[in-house]
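Structure record follows, encoded as C-alpha cells.
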Amino acid sequence: MKKQVLKILKEHQNKKIIVSVSGGVDSLVLFNLLLELKFELVLVHFNHQKRAASKIEADYLKELTEKLNIPFEYFILDIKTDFQNQAHHLRKKHLQEVALKYHTDVIVTAHHLNDLLETILLKIARGSNLLGYAGINERYFKDGFYYLKPLLTFKKEKLINYARLHHIKYFEDVSNVSDDYFRNRIRNYLLPLLKEEDEFPFAKVIQYNNTLTKTFNYLRKTTKEFLGNSEKIVIEDFSLLDEVIQEDVICYLLEREKLDFNQNKITDLINFINGAGPNASYSLSNEKEFIKEYSVAFIRSKVAIISFQQKLDLKAFNVLPNGVFIEFSEEFNFEDGFIINLCYNKNALPLIARTRREGDLLYFNYGHKKLKDFYIDEKVPLIKRNKDIIITDNKGEILVVLGRYLNNKATLTSTIQLKYGGKVSE
C-alpha cells in the first residue's frame, strides 16, 4: 500500500500535501501512510452537521494534529438543500482555498475501490459523459491543482484490515447506513450483492476505469482542437463532427461554466444548435443560457432586457435608463460621441427614445419595411436587437435606430444634430 501511495505522489515529494480527513477508516489510513512516508501535511476536516459524533471526531483530529505539529483546517458546512452535490462543491472550494493558503497545488483524498464502483453505478443510473462513466480519476489536474487518490485501487476491506493491523483509530460514519441518498442505497444493497458473486471481477473495475479515462482523454484533446482558443461554436463546422465529439464539445463548455448536465440535456443542446432558428436561446440555469446567433453558438450570462420609453428634451443632457446619453445642438463644436444629422418635424415634438416594439416600421424612399425584417436581413443578433435605442416623433414615426438606420424622408423638414454615447449597442 505504501508503494502505491508513493507511486502516485512521487512527483510531489517536495511539496506540502493538503489531505482531506473525515475521521473514517479510509482517510485515517491514508493520513497515517502519508505520515510514515514523511510527507509535509496539512489536514483538512469538514463537519457536515449531520451527526452528533461530528464534534467528537473534529476534536480528536485537532488534538492529533497538535501532537504531531501539523496544521489543522476545520470547516463547518451549512447546507440546506441538494446536500450531496452542494457538499461536494463546498469541500472542493475549501480545499482549494487551503492549498492557496499554504502555497501548494496538491490535494489528496482517500477514495478507494468501493467508492469507484459506487460512482460508476451511480453515473450509469443517472447518465453522464465518457469521463463520468469512468467513475473517479486516480489523478488529474484542473484549475491549477493536482487531485490525487492513491488508495483508488484498494477495496475498503483491505483498508479496514490495515487499520486493525497497525492500530489506527477511526470512526464509523453512521450516516452511511441511511437510505436517504441514492449512493447509500447502492452501497447498502447493490454492492453486497456483487460481493456475494465469487466471480465478480473487482480488479476489472480498475481496467474499465483506465480504458474509459484514456478514451476520454483522446476525445477531449479532439474537442479542444476543434474549439481552439474560441469560446464559440461555429455551427457549420460543428454539424460536420461525429456525434460523440459533438457531445463532448457541449460537455466541455458546460464543465467550463461549472454547470450540471445529463445525457438528456446534452442531446437537447445538440438538437438546439443544429436545429433551432438563427436567433434562439436555451436556459441552462438561473444565471446562464446557451445562445444561438446565426453562424455561432455560445454560453453567456443571462442579460436582463430593459424596456423603456422616455421623452427627450432638445435643450437638455438626456440620460436613458440603460446608461446611454443623448443631447442635441444646431452644431457641435467637438466630437466626444457619435453625431448624426437627425431629420424631424417641429410640429411632431417631443421626440421619444424607447426600445423596440412589435410592429415597428422603418421608412425608405421605396416604401416601408418592418424593423423585424430589417434585423433579419442585416443578421442583427437578438441580444443587440433588445438593446437598440429607437427615436420617434410624437406620432410614433421612427426617425433613427441608433447605429443602424436613419430616416431621410423628404417630408421631414427640420434638421438638428444629435450626439449620443455611453452603453450603445453596436
Checked region 59-83 for anything surrounded by 15 or more Cβ atoms within 10 Å (Cβ to Cβ) and within 23 Å of Arg183 (Cα to Cα); matches are Leu77, Ile79
Could you identify the single residue in Leu240, Leu259, Leu193 that is in a loop (DSSP other than H, G, I, E, B) and either surrounded by fewer than 15 Cβ atoms within 10 Å (Cβ to Cβ) or of a type in the set (Ser, Thr, Tyr) (or both)?
Leu240
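Scanning for something among the hydroxyl-bearing types (Ser, Thr, Tyr) and surrounded by fewer than 20 Cβ atoms within 10 Å (Cβ to Cβ), does region 109-132 turn up at least one residue? Working first, answer last.
If we filter region 109-132 for residues that are among the hydroxyl-bearing types (Ser, Thr, Tyr), which is where we start, we get 109, 119, 128.
Within this subset, residues satisfying the condition of being surrounded by fewer than 20 Cβ atoms within 10 Å (Cβ to Cβ) are none.
So far as region 109-132 goes, no, none of its residues is among the hydroxyl-bearing types (Ser, Thr, Tyr) and surrounded by fewer than 20 Cβ atoms within 10 Å (Cβ to Cβ).
Just to be sure before I move on: is His89 modelled with pLDDT of 90 or more and either out of contact with any Phe, Trp or Tyr (no Cβ under 8 Å at 6 or more places or on another chain) or not basic (Lys, Arg) (or both) in the structure I sent?
So His89 fails the test.
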Taking interchain pairs and intrachain pairs at least six residues apart, which have beta carbon atoms under 6 angstrom, with the first residue in region 183-207 and over 13 Å from Glu118 (Cα atoms) and the second at pLDDT below 75 and of a type outside the set (Lys, Arg)?
Phe200/Leu194
Tell me yes or no: at least one residue of region 395-418 is touching a residue at least 40 places away in the same chain (Cβ under 8 Å), polar (S, T, N, Q), touching a helix residue (DSSP H, G or I) at 6+ places or on another chain (Cβ under 7 Å) and assigned to a loop (DSSP other than H, G, I, E, B).
no
Does region 223-237 hold any residues that are in a helix (DSSP H, G or I), exposed (fewer than 15 other Cβ atoms within 10 Å of the Cβ) and not basic (Lys, Arg), and which are they?
Glu225, Glu236, Asp237
Quick one: how many residues across region 24-41 are surrounded by fewer than 22 Cβ atoms within 10 Å (Cβ to Cβ) and in contact with a Phe, Trp or Tyr (Cβ under 7 Å, 6 or more places away or on another chain)?
1
Just to be sure I understand, how many residues within region 377-407 are more than 16 Å from Ala348 (Cβ to Cβ) and surrounded by 13 or more Cβ atoms within 10 Å (Cβ to Cβ)?
16
Within region 101-128, residues being at negative phi and either assigned by TED's automatic domain parsing to the domain that holds Ile266 or assigned to a loop (DSSP other than H, G, I, E, B) (or both) number 8
Which one of these is within 38 Å of the chain's Cα centre (by Cα) and either surrounded by fewer than 19 Cβ atoms within 10 Å (Cβ to Cβ) or outside the structural domain of Asn322 (by TED's automatic domain parsing) (or both): Asp336, Asp373?
Asp373
Does region 129-142 contain any residue that is free of Cβ contacts under 8 Å to residues at least 24 places away in the same chain and assigned to a helix (DSSP H, G or I)?
yes
Quick one: how many residues across region 270-284 are within 16 Å of Leu254 (Cα to Cα) and either surrounded by 14 or more Cβ atoms within 10 Å (Cβ to Cβ) or not assigned by TED's automatic domain parsing to the domain that holds Gln246 (or both)?
6
Wholly enclosed helices (runs of 4 or more DSSP H) of region 1-91 bearing at least 1 residues among the basic types (Lys, Arg)
2-9, 54-68
Condition first: assigned to a strand (DSSP E or B), among the small types (Gly, Ala, Ser) and within 13 Å of the chain's Cα centre (by Cα). Now tell me which residues in region 284-312 satisfy that.
Ser301
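The values are calculated or read from the model by the stated rules, or taken from the named source; none is laboratory data. What you see is a predicted model; the values in this text were computed from it and never measured. Glycine also receives a Cβ, built like all others from the backbone with ideal geometry; neighbour counts cover every protein chain displayed.
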